[in-house]
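I have placed the structure first, in the form of structure tokens, so that the comments after it can refer back to it.
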Amino acid sequence: MGQKIHPLGFRLGTTQNQDSIWFAQPRDYSENLKEDKIIRDCIKNYIQKTSGVEGIGRIKIKKRIDVIKVIIDIGFPTLLMESKPQIIEELQTTVEKKVNCVTRKINITITRIQNPYSDPNILAEFIAGQLKNRISFRQAIKKAIELAEQAGTKGVQVQIAGRIDGKEIARVEWIREGRVPLQTIRAKIDYCSYPVRTIYGVLGIKVWIFLNND
């Protein structure tokens, strides 16, 4: 059988960097990991509530003794700023309440992604929105691939699994456009898996994007 490996973990140290940068003793490691998950979930939920769309590419966390620095890569920050100009201050207080920050300060910065549709998370979110609106999966994938090509990517692969179009039997469908060299470690490939709840059940969306050769 094919031995599948996570495309990002496979490329750590070459074209891919860690999303969380901190050091912890073995006994504190699990607590730090839980804290990262809480921070990420809290930010995603808050942004979805305020703007209606997430549009988040990555959430990077850097921890020091007295500061937790959070960098949020967002595809459409203008939508967010227009709906709530004081969003960063509110977000900081929300996250501080969720995470027990007695001795540490949380510092949040928002950066804009130049080509939003060259990010797999934003592309997967776009497909999820289309599927929720009962648009045929093939049409949704083709539109997403078109947007990714306009953003200047070299190749895109999209896979959807589950009860597609409400069929009784679950299946896996995928479409690839351009090159996606998953075995080449030097190839800069971005990947994400994204669950979407539809009225028929949960569908899983996976997106691979080939950006360039380093």
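The values are calculated or read from the model by the stated rules, or taken from the named source; none is laboratory data. All figures in this text were calculated on a predicted structure; none of them were measured in a lab. Glycine gets a Cβ as well: all are built from the backbone with ideal geometry, and neighbour counts include every protein chain shown. Note: accessible area is taken over every heavy atom of the protein model, side chains too, but ligands, DNA and RNA are not part of it. Shrake-Rupley method; radii C 1.70, N 1.55, O 1.52, S 1.80 Å.
Counting just the residues of the stretch 61-86 that are at pLDDT 85 or above and either more than 22 Å from Gln25 (Cα to Cα) or within 11 Å of the chain's Cα centre (by Cα) (or both), which one comes out surrounded by the fewest Cβ atoms within 10 Å (Cβ to Cβ)?
This residue is Ile71.
Would you call Ile87 touching a residue at least 60 places away in the same chain (Cβ under 8 Å) and of a type in the set (Val, Ile, Thr)?
For Ile87, the condition - touching a residue at least 60 places away in the same chain (Cβ under 8 Å) and of a type in the set (Val, Ile, Thr) - is not met.
How many of the residues making up the stretch 167-181 are open to solvent by 70 Å² or more (accessible area, probe 1.4 Å) and either at positive phi or not β-branched (Val, Ile, Thr) (or both)?
So the answer is 7.
If only one of Ile127, Ile189, Ile106, Ile122 is in contact with a Pro (Cβ under 9 Å, 6 or more places away or on another chain) and either closer than 19 Å to Ile74 by Cβ or part of a helix (DSSP H, G or I) (or both), which one is it?
After ruling out the rest, the residue left standing is Ile122.
Please enumerate the residues belonging to the stretch 182-210 that are surrounded by 14 or more Cβ atoms within 10 Å (Cβ to Cβ) and more than 26 Å from Gly13 (Cβ to Cβ).
Residues satisfying the conditions are Val196, Thr198, Tyr200, Leu203, Gly204, Ile205.
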